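The values are calculated or read from the model by the stated rules, or taken from the named source; none is laboratory data. Treat the numbers as computed from the prediction; the structure is a model and nothing was measured. Reconstructed Cβ throughout: ideal geometry from the backbone, glycine too, with neighbour counts over all protein chains shown.
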Amino acid sequence: MLHAFLHVAVPGLVAFTFYRPRWLRAWLVLAATILVDLDHLLATPIFDPNRCSIDFHPLHTWWAIGAYALLLVPKPTRLVAIGLLLHMALDYTECVRVGVVAPGFAVSVRPHLPAVRG
Ligand SMILES: [Zn+2]
């Protein structure tokens, strides 16, 4: 529930900080990017608090995130791109919370241990 709140509050903070005086309009655009979560409807179960969304749902894959980064370039799509990337960053914090540090990569997160010399 805190996570859903952050998807509304953090865009509000970004909009209020960087998009005054029309921050309310910017907030609406940024918050509307939560629609990207419609891809959860393709998953079973639709909601799983212990699942890492990044690189799991189609609109949360690294390919999609790369496309969102490209949308930063043209000015008309920039605000939507910021909203989508902000969304992915917030979803990533959930991945870390459930213990997935590098979603989609088979990377060991074990700490480096010094070599044992015999
Ligand atoms: Zn999401």
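Descriptive notes on the structure:
- Residue in the range 17-33 that is part of a loop (DSSP other than H, G, I, E, B), out of contact with any strand residue (DSSP E or B) (no Cβ under 8 Å at 6 or more places or on another chain) and buried (at least 16 other Cβ atoms within 10 Å of the Cβ) present: yes
A quick yes/no check of all residues on (1) free of Cβ contacts under 8 Å to residues at least 40 places away in the same chain; (2) touching a Cys at 6+ places or on another chain (Cβ under 6 Å); (3) away from the ligand (no atom under 11 Å from the Cβ); (4) not polar (S, T, N, Q):
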{"residue": "LEU42", "(1), (2), (3), (4)": "yes, no, yes, yes"}
{"residue": "ASN50", "(1), (2), (3), (4)": "no, no, yes, no"}
{"residue": "ASP55", "(1), (2), (3), (4)": "no, no, yes, yes"}
{"residue": "PRO74", "(1), (2), (3), (4)": "yes, no, yes, yes"}
{"residue": "ALA81", "(1), (2), (3), (4)": "yes, no, yes, yes"}
{"residue": "ALA89", "(1), (2), (3), (4)": "yes, no, no, yes"}
{"residue": "VAL96", "(1), (2), (3), (4)": "yes, no, yes, yes"}
{"residue": "VAL101", "(1), (2), (3), (4)": "yes, no, yes, yes"}
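Rundown of residues vs (1) β-branched (Val, Ile, Thr); (2) buried (at least 18 other Cβ atoms within 10 Å of the Cβ); (3) part of a loop (DSSP other than H, G, I, E, B); (4) modelled with pLDDT under 95, yes/no style:
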position: ARG51; (1), (2), (3), (4): no, no, yes, yes
position: VAL80; (1), (2), (3), (4): yes, no, no, no
position: TYR92; (1), (2), (3), (4): no, yes, no, no
position: ARG110; (1), (2), (3), (4): no, no, yes, yes
position: ALA115; (1), (2), (3), (4): no, no, yes, yes
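- Every listed requirement among (1) away from the ligand (no atom under 13 Å from the Cβ); (2) modelled with pLDDT of 95 or more is met by PHE105 save one, (2).
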